[in-house]
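Enquirer: One structure coming up, written as structure tokens, with questions to follow.
The values are calculated or read from the model by the stated rules, or taken from the named source; none is laboratory data. Just so we're clear, the structure is a prediction, and the values are computed from it rather than from any experiment. Positions of Cβ are backbone-derived with ideal geometry, glycine not excepted, and every protein chain shown enters the neighbour counts.
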């Protein structure tokens, strides 16, 4: 049985796609760089910002990409007002899983200021036992973020389940020796997630507790 459930944030618990895309595009516009398409900007959600900007702006040098990150953070934290609600039922799912005795954690491509802000605004912060951000570890799909959480909580990889909406989440779990559960309502399409061999890929966040209760997969 899994002891630890590690959630991605953007696209898994929070519907933040539109805001992230808008802020990436605004940052590029501010610096007179080619503005990424919606699909290109969407595809980097889940990666650490440094890794994301390398992917979006391969012709830019490191100094210029640092400026893009700074502008992105400005737009996301202060200027952009696009709502970022939790997915319907996400709060109840986290509360239910906590009450059932699971250890809960977050592993996100967000930076620490951004995660702290949404944890406070959503009032979910106290329900998580550990959190890791991309500015505290190597970016997904590197296992570093997940391994840090496992070490902090004293959990073996086979006792942990990573839950996310991107191939980056699935492959981070694979690289850490943990299992993964995909969700199809976020950033990457269902087949892209299934190609990474998760245990399953669910279509709604509210399905997670039932799937956990009825899963035939058990680990000692």
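Enquirer: Say whether the condition of being in a loop (DSSP other than H, G, I, E, B) and either farther than 22 Å from residue 184 by Cα or out of contact with any helix residue (DSSP H, G or I) (no Cβ under 7 Å at 6 or more places or on another chain) (or both) is met by at least one residue in region 84-98.
Expert: Checked region 84-98: at least one residue is in a loop (DSSP other than H, G, I, E, B) and either farther than 22 Å from residue 184 by Cα or out of contact with any helix residue (DSSP H, G or I) (no Cβ under 7 Å at 6 or more places or on another chain) (or both).
To keep it simple, each residue is scored yes or no on (1) surrounded by fewer than 22 Cβ atoms within 10 Å (Cβ to Cβ); (2) under 14 Å from the mean Cα position of the chain (by Cα); (3) modelled with pLDDT of 95 or more; (4) more than 28 Å from residue 147 (Cα to Cα).
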{"position": "9", "(1), (2), (3), (4)": "no, yes, yes, no"}
{"position": "25", "(1), (2), (3), (4)": "yes, no, yes, yes"}
{"position": "50", "(1), (2), (3), (4)": "yes, no, no, no"}
{"position": "61", "(1), (2), (3), (4)": "yes, no, yes, yes"}
{"position": "101", "(1), (2), (3), (4)": "yes, no, yes, no"}
{"position": "108", "(1), (2), (3), (4)": "no, yes, yes, no"}
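Enquirer: Looking at this structure, is residue 58 touching a residue at least 60 places away in the same chain (Cβ under 8 Å) and either within 30 Å of residue 129 (Cα to Cα) or out of contact with any helix residue (DSSP H, G or I) (no Cβ under 9 Å at 6 or more places or on another chain) (or both)?
Expert: The answer is no for residue 58.
Enquirer: Looking at 160, 176, 213, 200, which one is free of Cβ contacts under 8 Å to residues at least 40 places away in the same chain and buried (at least 19 other Cβ atoms within 10 Å of the Cβ)?
Expert: 176
Enquirer: With the structure loaded, tell me whether residue 113 is outside the structural domain of residue 36 (by TED's automatic domain parsing), within 22 Å of residue 18 (Cβ to Cβ) and in a helix (DSSP H, G or I) or whether it fails that test.
Expert: Against the criterion (outside the structural domain of residue 36 (by TED's automatic domain parsing), within 22 Å of residue 18 (Cβ to Cβ) and in a helix (DSSP H, G or I)), residue 113 qualifies.
Enquirer: Hey, among 132, 117, 91, which residue is under 22 Å from residue 213 (Cβ atoms) and without any contact (Cβ under 8 Å) to a residue 60 or more places away in the chain?
Expert: Going through 132, 117, 91 in turn, just one is under 22 Å from residue 213 (Cβ atoms) and without any contact (Cβ under 8 Å) to a residue 60 or more places away in the chain: 91.
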